[in-house]
Amino acid sequence: MNDSKIFLADNLSISRILNGMWQVSGSHGQINPESAILDMLEYHKFGFTTWDLADIYGPAESYIGEFRKRLPLNELEKSQALTKFVPNPGPMTKSIVEYYVDQSLHNMDVDSLDLLQFHWWDYDNPNYLNAIDNLSKLQVDGKIKHLGLTNFDTKRIKIITEKGFKLVSNQVQYSILDRRPEKLMVPFCQKYGIHLLTYGTLLGGFLSEKYLGSPEPHRADLTTASLQKYYKMIEAWGGWSLFQDLLYEISKIAKKYDSSIANVSTKFILDKPTVAGVIIGARLGISEHRKDNANIFDLHLDSQDYDMLNSITSKSNDLFAVIGDCGNEYR
Ligand SMILES: NC(=O)c1ccc[n+]([C@@H]2O[C@H](COP(=O)([O-])OP(=O)(O)OC[C@H]3O[C@@H](n4cnc5c(N)ncnc54)[C@H](OP(=O)(O)O)[C@@H]3O)[C@@H](O)[C@H]2O)c1
């Protein structure tokens, strides 16, 4: 196994660069289903074998089902699909939870989910603990191989862990710009052996040459839901001018290694403790950066690079103070 793979759990090896499927859910450009499936096969051939998706990402789960039908039989076991359960807060009885899990199994055409990542919108509604309890029972029944969370804060992960539930991972926003996980989440996960899967690591594409030296975008320029989401982050972090300073520093590091802004930004997070993988959004059939992203594993950042980046990020607002712990932006 080389650096591009990691064991998320005993029997679950994943690609450390995961393909993110939020981008097929709408608001990221028109997706043609056939082109999307063909593109998925290309990602797999390239070694990007792990998909991150959710029950709420439009057709994502059924794309996995169709993609799996087209994969040669001997390739099937090399592919992993990590979905999410994102229910509206309400009663979480075993039959309700099982109903949704069965739907994911059916859509993805699998007997058991590799990893189910659970999201909860409202901590004032304590049913999240019933959901976890019943998901654990479905794990015993064999419908779920591993349980993870997404966007849970440290306080609630602690509650869940102390009740004895075994969590493999939490999926959180983590980038050069958004370092909130480092305050509480990373130390907690280090202690309890929980991995982080990260998103927003490329800020929807803002962390790329395309935006280096470019004027502040207008609302109409933010053509994907992802760019809209992370533009707000840039504003809260310190604004466009400081972001340009950061892009410039990253570009200097990228030049030093004959690399790209996206690669430096991804590697910066991939090297962080407890980070098992970085999820990079894939606009299937519209755009792709496979060749560039495959170079991430040849890149090694040194302490001088970290100092250069920290000299800019230390001038920003503290996003933990502004937004709070991981996932607070959703609550
Ligand atoms: N749990 C959650 O709440 C949550 C929230 C958001 C996302 N996610 C997950 O994380 C995934 C990532 O999505 P994201 O919205 O955070 O986006 P992202 O990964 O930060 O950005 C993706 C965009 O970056 C650009 N890009 C990728 N590689 C590049 C390269 N080498 N050079 C230049 N540009 C490059 C592409 O833009 P172009 O297409 O324009 O070229 C791509 O669409 C989602 O699909 C989803 O699976 C989870």
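The values are calculated or read from the model by the stated rules, or taken from the named source; none is laboratory data. The model shown is predicted, which means the values in this text are computed figures rather than measured ones. Glycine gets a Cβ as well: all are built from the backbone with ideal geometry, and neighbour counts include every protein chain shown. Heads up: the accessible areas ignore ligands, DNA and RNA and are worked out on the full protein's heavy atoms, side chains in. Shrake-Rupley method; radii C 1.70, N 1.55, O 1.52, S 1.80 Å.
Could you run the Karplus curve 6.51 cos²θ - 1.76 cosθ + 1.60 with θ = phi - 60° over segment 191-197 and give me ³J(HN,Hα) per residue in whole Hz, x for Gly and Pro?
My calculation for segment 191-197 gives 5, 9, x, 9, 8, 9, 10 Hz in order.
Determine the shape class of segment 178-326: with a ≥ b ≥ c the square roots of the Cα gyration tensor eigenvalues, call it rounded for a/c under 1.5, and otherwise prolate if a/b is greater than b/c, oblate otherwise.
Values: a/c = 1.27, a/b = 1.14, b/c = 1.12.
It comes out rounded by the Cα gyration axes.
Enumerate the amide H contacts of Phe118 below 5 Å, restricted to partners 5 or more residues apart or on another chain; note that Pro and chain-start residues carry no placed amide H.
Phe85, Gly148, Leu149, Thr150
Among Ala81, Leu116, Gly324, which residue has its Cα furthest toward the positive end of the charge dipole of the chain, with +1 on Lys/Arg Cβ and -1 on Asp/Glu Cβ?
Highest projection toward the positive end goes to Gly324.
If you take the beta carbon distance between Ala236 and Leu73 as r and set R0 to 45 Å, what does 1/(1 + (r/R0)^6) give as a FRET efficiency, to the nearest 0.05?
Values: r = 48 Å, r/R0 = 1.07.
The computed FRET efficiency comes out at 0.40.
When the dipole is taken about the Cα centre of segment 242-331, and only Lys, Arg (+1) and Asp, Glu (-1) are charged at their Cβ, what size is it in debye, to the nearest 20? Write down the numbers at each step before the final one.
Details: 10 positive and 13 negative charges, 52 e Å.
Computed about the Cα centre, the dipole is about 260 debye.
May I ask you to derive the FRET efficiency for Glu182 and His218 from their Cβ-Cβ distance with R0 = 41 Å, giving the value to the nearest 0.05? Write out the running numbers ahead of the final one.
Numbers: r = 33 Å, r/R0 = 0.79.
The calculated FRET efficiency here is 0.80.
Determine the relative contact order of the chain: mean sequence separation of Cα pairs under 8 Å and six or more apart, normalised by residue count, in whole percent. Present the calculation step by step, with values, prior to reporting the outcome.
Details: 547 pairs, mean separation 69.8, N = 331.
In percent, rounded to a whole number, it is 21.
With θ set to phi - 60°, apply the Karplus curve 6.51 cos²θ - 1.76 cosθ + 1.60 along segment 65-77 and write out the HN-Hα couplings as whole Hz, x wherever there is a Gly or Pro.
Ordered by residue, 3J(HN,Hα) equals x, 5, 4, 5, 5, 8, 6, x, 3, 6, 9, 3, 6 Hz.
Near the amide H of Gly20, under 5 Å away, which other amide H atoms are found, from residues 5 or more places off or on another chain, if H is placed in the peptide plane?
Distant-sequence amide H within range of Gly20: Asp52, Ile280, Gly281, Ala282.
Could you give the length gained by full extension between Lys45 and Ser112, i.e. 0.36 nm per residue of separation minus their alpha carbon distance, to one decimal place?
Working: separation 67, 0.36 × 67 = 24.12 nm, distance 2.33 nm.
Gain in length upon complete extension: 21.8 nm.
Give me the distance between the Cα centres of segment 243-272 and segment 193-242, rounded to whole Å.
Their Cα centres are 14 Å away from one another.
In whole angstrom, how far apart do the alpha carbon centroids of segment 302-331 and segment 50-104 sit?
32 Å
Only helical DSSP H runs with n ≥ 4 go in: add -39500 (n - 2.57) per run for the chain, normalise by residue count and round the 222 nm mean residue ellipticity to 500 deg cm²/dmol. Spell out each step's value before the answer.
Values: 13 runs with 135 residues, N = 331.
-12000 deg cm²/dmol, from helical runs alone.
Of all the accessible heavy-atom surface of segment 236-301, with the other protein chains kept in place and a 1.4 Å probe, what percent is carbon and sulfur? Walk me through the numbers before you get to the answer.
Details: 1200 of 2520 Å².
C and S fraction of accessible area: 47 percent.
Any idea which of Gln139, Ile64, Ser15 is furthest toward the positive side of the dipole for the chain, if Lys and Arg beta-carbons carry +1 and Asp and Glu beta-carbons -1?
Gln139
If amide hydrogens are placed 1.01 Å from N in the peptide plane, which non-local residues have theirs closer than 5 Å to the one on His195?
Ser169, Asn170
Per 0.36 nm of contour for each residue apart, how much would the distance between Lys5 and Asn317 grow if the chain were fully extended, relative to their Cα-Cα spacing? Working shown, then result.
Details: separation 312, 0.36 × 312 = 112.32 nm, distance 3.43 nm.
Length gained, Lys5 through Asn317: 108.9 nm.
P(r) tail for segment 69-186, what percent of Cα pairs lie past 17 Å?
Details: 3998 of 6903 pairs.
Here the long-distance tail beyond 17 Å is 58 percent of all Cα pairs in segment 69-186.
If you roll a 1.4 Å probe over the heavy atoms of the protein chains, what accessible area per residue do you get for segment 235-331, in Å²? Could you put the intermediate results ahead of the total?
Values: 4210 Å² over 97 residues.
Result: 43 Å² per residue.
How much of the accessible area of segment 143-217, probe 1.4 Å, is carbon plus sulfur, in whole percent?
The computed percentage sits at 57.
Please turn the phi angles of segment 265-270 into ³J(HN,Hα) values with the Karplus equation 6.51 cos²θ - 1.76 cosθ + 1.60 (θ = phi - 60°), one per residue in order, whole Hz, x for glycine and proline.
Ordered by residue, 3J(HN,Hα) equals 5, 6, 5, 3, 7, 4 Hz.
Quote the convex hull volume per residue of segment 170-258, based on C-alpha atoms, as a whole number of Å³. The partial results should precede the final answer.
Details: hull volume 10.0 nm³, N = 89.
Roughly 112 Å³ of hull volume per residue.
As I understand it, the value is the acute angle between the Cα axis of helix 33-45 and the longest principal axis of the Cα atoms of the chain; what does it come to in degrees, rounded to 10?
So the inclination is approximately 80 degrees.
Roughly how big is the chain's charge dipole about its Cα centre, with Cβ charges of +1 (Lys, Arg) and -1 (Asp, Glu), in debye to the nearest 20?
Values: 35 positive and 41 negative charges, 74 e Å.
It comes to approximately 360 debye.
Using the Cα centre as the reference, give the magnitude of the dipole from point charges on the C-beta atoms of segment 115-165 (Lys, Arg: +1; Asp, Glu: -1; all else neutral), rounded to the nearest 20 debye. Please report the intermediate quantities before stating the final value.
Numbers: 7 positive and 6 negative charges, 39 e Å.
Dipole magnitude for segment 115-165 comes out near 180 debye.
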